[in-house]
Amino acid sequence: MFTSVKAFEGQQYSTLKRQCLQSGLLFEDPRFPAIDDSLFIHGNRIGRVVWKRPRELCEDPHLFVDGISAHDLHQGQLGNCWFVAACSSLASRESLWQKGRLFVKQEEREHHSFS
């Protein structure tokens, strides 16, 4: 079905990972900065947003435990139904979820380069 993953705007995963590991800094996407404008089209209507990394929420974060199901995903207040729908579609076929490299592997979490 898919033969290769195309980089978004020239962002190469291996290059980004190497840069983070060499610099000792966590990844911050310049195309999706941690500001309200990244989340809202028509301004923030839900109140103060506090951006946090997974390790600021708990010691050993996991997005999904024991696999993923389309029923694991729910839309919150951000109006991101398009993202939730895309993830639900990927969740229905684990091979696509894994191929998409949306989330890092265990060894990358241990190095904290992307968490």
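What follows draws every value from the coordinates through simple rules; no lab data is involved. Quick caveat: nothing in here was measured; it's all calculated off a predicted structure. Using ideal geometry, Cβ is built from the backbone for each residue, glycine included, and neighbour counts are taken over all protein chains shown.
Remarks
- Members of the range 50-77 found to be part of a loop (DSSP other than H, G, I, E, B) and within 19 Å of ASP29 (Cα to Cα), listed by number: VAL50, TRP51, LYS52, ARG53
- Number of positions in the range 12-29 that are loosely packed, with under 12 Cβ neighbours inside 10 Å and not in a loop (DSSP other than H, G, I, E, B): 4
- Total residues in the range 13-28, condition of a type in the set (Phe, Trp, Tyr) and farther than 22 Å from TRP51 by Cα: 1
- Residue in the range 30-49 that is among the hydroxyl-bearing types (Ser, Thr, Tyr), surrounded by 10 or more Cβ atoms within 10 Å (Cβ to Cβ) and in a loop (DSSP other than H, G, I, E, B) present: no
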